[in-house]
Amino acid sequence: MNITNCKKLITLGAEFGWNIHSNNQIDILFSIKISGDHRAKWLAWGVNPGPHRPKMVGTRAIIGISQPNGTLAVRKYNITSDTRLGCRLQPSQDFDDVIVKTMKGDVQADKYMSIFATLILPPNPAAYNISKLNHVWQVGFEADDVHLEPKMHSTALQNVDSTETLNLNSGRGISIGHRRHHLRKVHGILNIVGWGTLLPLGVIIARYYRKYPFHCQKWKVLHVSCQIVGYSLGTAGWAIGLWLGHVSRHYSFHTHRILAMFIFAFTTLQMLALRLKPTESDDYRKYWDMYHHFLGYALLAAISVNIFNGIAILKPDKTWLWAYIGVLSVFAVIALGMEIFTWGKFISTKNRQVPTATATVSADNNAEAPQTSQGPGPPSEGPQANKTRIAN
């Protein structure tokens, strides 16, 4: 296409290229990679009038829809607020401000889909400025190829974050979604390390190193340290998640949010045990111990479920998923090995105690035998009673 400038966009594996002919005339080339398991039905690119940050509503879009014969039908579409409400999106004749001179599409099987166009922007620097051009892109997997009507795209974070303000002269872009993407990574790392790693480690220390099968004098210091550091990191990640949910007005992940609220509330309740737990002499201490232990195990299960849910939402590379699976696998192997050792030691100790107890009972019976084998007569009679009978 003889494109002189190009860059990889931050989401959807998309690439964008452009030529600048003048301050208001540009060529654009937008491409996405396709493969056997990632066959998009349509792709879209458009400009959004400034000076505010880019958004879907108001975009002058160029959309290419895949056809049964393997070609790409490219048309102009005006994205309005009705589109967000689910109304049908149909081709437009012309835009009120942006002029599109040339449009064409290209498809290379199992390689890429692309759309090319020449745009003449209106002489309005506040709305369309090549040094601060708002552009939006999208990919979808359903479309009516007869009426050239693209269907709703996914609402995953990558789709929502597909906007950028781009300086066509320097190639540098500013994206709110890109900044939030970094915060989402920090949110995930803090929660995986804090709630997903340190809290389970503290539970393992308390279960196996307090008294049985191993006794560590500093188990409580280690347990409390893991819980405090893990709780602090998890709470920081939770707070970042709250902020991300607050600024993301157009989408919400209800299951992830509800589980996060449950985890924070009851983990905070668990942490109050540092000051408010009953003493050893209190009558209800054993019931408090049962509640503390079972709530802790329930929280570990909820934390694991929510971390997997968060990874599914963020859709990072597979390293995140396999790293967390590795952490859980290590903990599972440690816990299983400790449980087997604990029960083996318990059974072995119990078997050694049974012969000892039997020998003790036999010795006691032998010691009492002479007192019970004195011949006939009442048990209370002895040598003095015999002397009394002879005297009589």
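Among the protein heavy atoms, those of VAL224 account for about 40 Å² of accessible surface (1.4 Å probe, every chain in place).
What whole-number value in Å² describes the accessible area per residue of the chain for a 1.4 Å probe? Before the final figure, lay out the partial values.
Details: 23240 Å² over 392 residues.
The answer is 59 Å² per residue.
By the rule of a C-alpha distance below 20 Å, with chain neighbours fewer than 8 residues away ignored, the aspartates and glutamates paired with LYS104 are GLU15, ASP27, ASP94, ASP144, ASP145, GLU149. The angle between the Cα long axis of helix 176-193 and the main principal axis of the chain comes to about 10°, on a 0 to 90 degree scale. Give the lysines reachable from LYS211 as a straight Cα distance under 22 Å; neighbours fewer than 8 places away on the same chain don't count. Output for LYS211: LYS220, LYS277, LYS286, LYS345, LYS350. Computed from Cα atoms, the angle from the helix 254-271 axis to the main principal axis of the chain rounds to 40 degrees.
Taking amide hydrogens as placed 1.01 Å from N in the peptide plane, the amide H of GLU164 sits under 5 Å from those of HIS135, each at least 5 positions away in sequence or on another chain.
The chymotrypsin sites (Phe, Trp or Tyr not before Pro) of region 174-226 that DSSP puts in a loop, and whose beta carbon has at most 14 other beta carbons within 10 Å, are PHE214.
The alpha carbon gyration tensor of the chain gives principal lengths a ≥ b ≥ c with a/c of 1.5 or higher and a/b greater than b/c, which makes the shape prolate. Computed from backbone phi, the HN-Hα couplings of region 333-349 come to 5, 4, 5, 5, x, 5, 5, 4, 5, 4, 5, x, 5, 5, 5, 5, 5 Hz, rounded to whole numbers (Karplus: 6.51 cos²θ - 1.76 cosθ + 1.60, θ = phi - 60°; Gly and Pro given as x). Atom-type composition of the exposed protein surface of the chain places 60 percent of the accessible area on carbon and sulfur (1.4 angstrom probe). Measuring between their Cα centroids, region 281-327 and region 188-250 lie 9 Å from each other. Here is the list for region 255-288: chymotrypsin sites (Phe, Trp or Tyr not before Pro) lying in DSSP coil, each with at most 12 other C-beta atoms within 10 angstrom of its C-beta, are TYR284.
Across the chain, the longest piece that holds none of the GluC sites (Glu not before Pro) lying in DSSP loops with up to 15 other C-beta atoms within 10 Å covers 1-141.
Where in the chain lies the longest segment free of trypsin sites (Lys or Arg not before Pro) that are both loop residues by DSSP (not H, G, I, E, B) and have at most 12 other Cβ atoms within 10 Å?
Numbers: sites that count: ARG39, ARG88, LYS111, ARG172, LYS211, LYS218, ARG249.
Counting only loop sites that pass the neighbour cut-off, the longest clear stretch is 250-392.
The values are calculated or read from the model by the stated rules, or taken from the named source; none is laboratory data. Since the model is a prediction, treat every value here as computed from it, not as a measurement. Using ideal geometry, Cβ is built from the backbone for each residue, glycine included, and neighbour counts are taken over all protein chains shown. Please note that ligands, DNA and RNA were not included when accessible areas were found on the heavy atoms of the full protein model with its side chains. Shrake-Rupley method; radii C 1.70, N 1.55, O 1.52, S 1.80 Å.
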